[in-house]
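The values are calculated or read from the model by the stated rules, or taken from the named source; none is laboratory data. No experiment lies behind these values; they were computed from the predicted model shown. Please note: Cβ atoms are built from the backbone with ideal geometry, for glycine as well, and neighbour counts cover all protein chains shown.
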Amino acid sequence: MFFRPMQHKAAGLAHNPLKAIVSPRPIGWIGSQGTDGSLNLAPYSFFNAISEDPAMVMFSVQVHPEKDQKDSLRNIEETGEFVVNIVSEAQFQAMNVSSGDYDYGDSEFERAGLEPVASATISVPRASGVPAALECKHFQTLPLPRNTDGGGYTVIIGTITGIFIDDSVIEDGMLKYDRFVPISRLGYRDYGRITDIFQATRPSES
Ligand SMILES: Cc1cc2nc3c(=O)[nH]c(=O)nc-3n(C[C@H](O)[C@H](O)[C@H](O)COP(=O)(O)O)c2cc1C
């Protein structure tokens, strides 16, 4: 099978497989705050860490020509800060609730029954209960090319200024995946969780 992007239906595929092909993707559960003080929380799976030193992350926000821009994008442009909360099994339902299309200022923290917990290096709080969180300052906004309808994605790049890890997920100086259990996004309506781990050394290490 071969087809060009967005031509999957002509190729006999009912649903776009792109996100299933590029999977699993980590979920950046993005906390942000507007200049009016309102809190926002939303999951983004076009998300990743992109540099270790300096430590940096990115996530990509869908832009629709006829809809208001997403609250995360608006807030980060307004105040220049955001938190990447990591979604473990225990936060899955709250994460899903927070992806709802709520009015600006309608806090997903409240909707999902989460408490804001103060960050150390920025004003935006993390969500209570998360196993890890990255405090970030906005570095750059990169609008990607628009499609023929005028829609597309805008990438937010941030510099990590602080890293929170819940002590309970660390043992012998390393994160334990069986306590941490980061949830990932696959394609369609599918999610993944780590149940099997193996180690390998690089050629240069043996
Ligand atoms: C697991 C998951 C991953 C998502 N990833 C993205 C994404 O990468 N980009 C995006 O624009 N929307 C994504 N969404 C949809 C947003 O979370 C949703 O539009 C949300 O309402 C945006 O909230 P905001 O307006 O408060 O920023 C995702 C939803 C879920 C459940």
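The set of residues in segment 134-146 being in contact (Cβ under 8 Å) with a residue 60 or more places away in the chain and either within 12 Å of the ligand (Cβ to nearest atom) or within 22 Å of F164 (Cβ to Cβ) (or both) consists of L134, C136, H138, F139, L144.
Is it the case, given these coordinates, that G113 is within 11 Å of the ligand (Cβ to nearest atom) and either assigned to a loop (DSSP other than H, G, I, E, B) or without any contact (Cβ under 8 Å) to a residue 40 or more places away in the chain (or both)? No: the conditions fail for G113. Taking the numbered list (1) over 15 Å from the mean Cα position of the chain (by Cα); (2) modelled with pLDDT of 95 or more in turn, S107 passes all entries but (2).
Is at least one residue of segment 137-159 aliphatic (A, V, I, L, M), more than 30 Å from P5 (Cα to Cα) and surrounded by 13 or more Cβ atoms within 10 Å (Cβ to Cβ)? No. Listed by position, the strands (runs of 3 or more DSSP E) inside segment 5-86 whose residues that are surrounded by 17 or more Cβ atoms within 10 Å (Cβ to Cβ) and more than 12 Å from the ligand (Cβ to nearest atom) number at least 1 are 55-63, 81-86.
Per the conditions (1) more than 30 Å from G150 (Cβ to Cβ); (2) of a type in the set (G, A, S); (3) near the ligand (Cβ under 8 Å from one of its atoms), the sole criterion not satisfied by S119 is (3). Considering segment 87-110, and only residues there that are surrounded by 18 or more Cβ atoms within 10 Å (Cβ to Cβ) and within 10 Å of the ligand (Cβ to nearest atom), the residue that is nearest to P131 (Cα to Cα) turns out to be V87.
Given D149, D101, which one is in a loop (DSSP other than H, G, I, E, B) and touching a residue at least 40 places away in the same chain (Cβ under 8 Å)? Walk me through how you get there before you give the answer.
Working: D101 fails: touching a residue at least 40 places away in the same chain (Cβ under 8 Å).
Step by step, each of D149, D101 is checked, and only D149 is in a loop (DSSP other than H, G, I, E, B) and touching a residue at least 40 places away in the same chain (Cβ under 8 Å).
Scanning segment 1-28 for residues that are in contact with a Gly (Cβ under 6 Å, 6 or more places away or on another chain) and either free of Cβ contacts under 8 Å to residues at least 24 places away in the same chain or hydroxyl-bearing (S, T, Y) (or both) returns a single hit, S23. For segment 170-189, filtered to residues that are in contact with a Ser or Thr (Cβ under 8 Å, 6 or more places away or on another chain) and in contact (Cβ under 8 Å) with a residue 60 or more places away in the chain, the residue that is nearest to F46 (Cα to Cα) is R185.
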